[in-house]
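Notes to accompany the following structure.
Just so it is clear, none of the values below were taken in a lab; they were calculated from the coordinates. Small disclaimer: the values here were computed from a predicted structure and weren't measured. No Cβ is skipped: glycine too gets one built from the backbone with ideal geometry, and neighbour counts run over all protein chains shown.
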2 protein chains.
Amino acid sequence: MKTIVVDTLNNENGSQNAIKAAYKWAFENPNYTLILFGNNNDLKQLNINLPHNIIFKHSPSVVTKTSNIRDVLKQPSSMLDAVEFTKQNDVDALLSSGDSGSLVTITTLKLKRLQGISRPAFMPLIPKQSGKQFLLLDVGANTETKTEYLIQWSKIATIFYKSLLNEQTPKLALLNIGTEEYKGPTIQQEAHQILKNSNNLFKYSGFIEPNNILKDDIDIVISDGYAGNILLKSMEGAYSTLFTLLKNAFMSSFITKIAALLLKKQLKIIKNKFDYKKIGAATIIGFDKIVAKAHGRSNEDAFYSALNQLKQIIEARTINKMQKYLAEIEDNNE
Amino acid sequence: MKTIVVDTLNNENGSQNAIKAAYKWAFENPNYTLILFGNNNDLKQLNINLPHNIIFKHSPSVVTKTSNIRDVLKQPSSMLDAVEFTKQNDVDALLSSGDSGSLVTITTLKLKRLQGISRPAFMPLIPKQSGKQFLLLDVGANTETKTEYLIQWSKIATIFYKSLLNEQTPKLALLNIGTEEYKGPTIQQEAHQILKNSNNLFKYSGFIEPNNILKDDIDIVISDGYAGNILLKSMEGAYSTLFTLLKNAFMSSFITKIAALLLKKQLKIIKNKFDYKKIGAATIIGFDKIVAKAHGRSNEDAFYSALNQLKQIIEARTINKMQKYLAEIEDNNE
């Protein structure tokens, strides 16, 4: 029996989407137990009989962001209860759609790290121009990153990628502001030298620049947390501004309105394609349990997909593989 | 008499665009002398008689990039000659469309810095959603940035902005991965505390995130060179991918082709609007002379506009104002 803990609150569209998704998913996956944290009243309003493999725990407080991020550890919340339960029990994975910063803080301070991993990393799947996806990490769990973190993340992200996407030897690159060897800050240069001489767990392709990241055939991009976050938010800003300007242009005359109508379907496909937040759940990698962060406005389908994604990661025995690999490195270094 | 030095080579479209623009501009601005560095053969082919206020210096070698960036100082090039001439003579400004990295390296190692400025910064004008522009610095002249650089750049960029865009008290913000006070790396946090308590040279608006940078009403955004470069290239990548996908969508059927035809004009306006490289010349700020970098594929119009931009900066006595302001700070600190 596998166990997934779900924080149903802290979603911008209320908690019932998570409950309904869990309800549907639990019936289809009787060999899993789902532990839901949320408000009993939300559950009652749905007027459903939970299957025996869902346990609902009443925890009615949402996370409130304050000026001190560590306050999330002091105030009661379903997120905090869900993480605490994950820590104390034999749980395989945790899913929440709550605030990323709060989830990173609580899990980092509560959950046990994988042996040999100094810091967890926030790792979304990013859609590429080709329609494929790549893993980008770290995008903000860390504001100051050391060289050794980049190397550690390269290894566990590779094992994760193999589990999720069945790729034998993924292509890995290091984010930088140039592809020449002399380019970039010290930690990128140091990590580059180490990765160049690394084993054949992945194919290391060297530095990659942000302007090529959506075009190149790369599976995993490693970055310090600050630059990774800047990258993600810069692309988000560029897309948003471009879509606003297109919308304004389309509304500018009768003719353009007709043209826009003819293109509506195609435009919607493109728009959805690049909303990376809708592409599955992001992972906070580095713990001895799987932690997934669904989009803050996740609907029932998004939660349902996230549960399937977690199932795949669990059944590929991803955490075991990471532990085994990290222990082997440890042995070789002794 | 004012003097502007122009490196006519190192442009992807050949040197004749720069020569033709200089020719036109020199006639209209008889109180300026233009010193052109380039290949005599290119000039001869144009078959024009240069006015008396253009001096052409034969320097036929282009910059070649090698694995060691400092090689640009050893190999002869029109860029190197142009910078050397600027250093040795009473020159007001230097214009080149050559490789940014080479231009930053040569000017940094050759030209005199303004008193009190530790490092030069690369500073393009970026188009916003509203159609206005903002100055972004540094976007890559520095890979490792100290807190004090951010403060110094805030001051000289403000004086530059006032000269170029006639704004009395520009709004300045600091790039970061969150707007909360506790967010971001140490240098951003330290700079934030100093800028909060700074004088009224600019209106300091606090942290700004890359996803809001094109929407907010900010005139100057200060960043470390690494994150600034990541931001610029991320936006470039997002625009490029989105335009490619739009193009593919427009070509997908007879109907969409018709629609695209109806929208052609509007789409072109949007596309040009966000090609920041076409929006005037970027400045390398921090020297006692003005250094401008035009786009690598500049045409005649782009060079002509760049010369007008330099004229405005020169006639606003921008360098003098920076020197005066920096000397005043120095006096107050004694």
Open item on the list: Binning at 10 angstrom from zero up to the longest distance, how are the C-alpha pair distances of the protein assembly as shown distributed in percent?
Closed with: 3, 14, 22, 23, 19, 11, 5, 2, 0, 0
- [ ] Sequence neighbours fewer than 8 away in the same chain don't count; with that in mind, list the aspartates and glutamates whose C-alpha is under 17 Å from B:Lys268.
- [x] B:Glu236
Task: Inter-chain Cβ neighbour average for residues A:256-262, partner chain, 10 Å - done: 5
Task: Volume per residue that the Cα convex hull of region B:204-334 spans, once the total is divided by residue count, Å³ - done: 163 Å³
- [ ] Arrange B:Ile177, B:Ile270 by Cβ neighbour counts within 10 Å, fewest through most, would you?
- [x] B:Ile270, B:Ile177
Open item on the list: How high is the relative contact order of region B:125-277? Use alpha-carbon pairs under 8 Å, at least six apart in sequence, and give a whole percent.
Closed with: 33 percent
TODO: Can you run the Rg to Rh ratio on region B:125-277? Use alpha carbon positions and the Kirkwood inverse-distance Rh.
DONE: 1.08
Open item on the list: Give the average, rounded to an integer, of partner chain Cβ atoms located within 10 angstrom of each Cβ in A:170-182.
Closed with: 3
Open item on the list: How far, in nm to one decimal, is A:Asn320 from itself in the other copies if the label point is set 7 angstrom along Cα toward Cβ? Shortest first, please.
Closed with: 7.8
- [ ] Please report how far the C-alpha centroid of region A:116-134 lies from that of region B:1-68, rounded to the nearest whole angstrom.
- [x] 48 Å
Task: Fraction of antiparallel bridges per DSSP, region A:125-277 only, in percent to nearest 5 - done: 25 percent
- [ ] Kindly state, to the nearest 0.05, the FRET efficiency for B:Gln193 paired with A:Ser240, given R0 = 30 Å and r defined as their beta-carbon distance.
- [x] 0.50
Open item on the list: I need the calculated FRET efficiency for the pair B:Asp71 and A:Ser118, taking r as the beta carbon distance and R₀ as 30 Å, to the nearest 0.05.
Closed with: 0.20
TODO: Find how many whole Å separate the alpha carbon centroid of region B:144-211 from the alpha carbon centroid of region A:172-193.
DONE: 27 Å
Task: Total formal charge among the other residues, if their Cβ is under 15 angstrom from that of B:Thr186, Lys/Arg +1 and Asp/Glu -1 - done: -4
Open item on the list: Run the label-point distances for A:Leu261 please: 7 Å along Cα to Cβ, every other copy, nanometres, shortest first.
Closed with: 1.9
- [ ] Using just the helices of chain B, give the 222 nm mean residue ellipticity in deg cm²/dmol: DSSP H runs with n ≥ 4 each add -39,500 (n - 2.57), and the total is spread over all residues, rounded to 500.
- [x] -14500 deg cm²/dmol
Task: Residue order, fewest to most beta carbons within 10 Å, for A:Val72, B:Val91 - done: B:Val91, A:Val72
Open item on the list: At R0 = 41 Å, how high is the FRET efficiency between B:Glu328 and A:Asn89 if r is their beta carbon distance? Nearest 0.05 is fine.
Closed with: 0.05
Task: Inter-label distance, nm, simple model (7 Å from Cα along the C-beta direction), B:Asp301/A:Ser253 - done: 2.0 nm
Open item on the list: Suppose you put the label 7 Å out from Cα in the Cβ direction; list, shortest first and in nm with one decimal, how far B:Lys44 is from each other copy's label.
Closed with: 9.6
TODO: Ignore the peptide's own chain and count Cβ atoms of other chains within 10 Å of each Cβ in B:66-74; give me the average, rounded.
DONE: 1
Open item on the list: Sequence gap at least 6, Cα distance under 8 Å: using those rules, report the relative contact order of chain A to the nearest whole percent.
Closed with: 22 percent
Open item on the list: Whole-Hz ³J(HN,Hα) for each residue in region A:112-124, computed from phi via Karplus 6.51 cos²θ - 1.76 cosθ + 1.60 with θ = phi - 60°, x for glycine and proline: what do you get?
Closed with: 7, 8, 4, 4, x, 10, 6, 9, x, 10, 8, 9, x
Task: Exposure proxy ranking, count of Cβ atoms within 10 Å, fewest first, for B:Thr86, B:Thr169, A:Thr33 - done: B:Thr169, A:Thr33, B:Thr86
Open item on the list: Per 0.36 nm of contour for each residue apart, how much would the distance between B:Arg317 and B:Asn40 grow if the chain were fully extended, relative to their Cα-Cα spacing?
Closed with: 96.4 nm
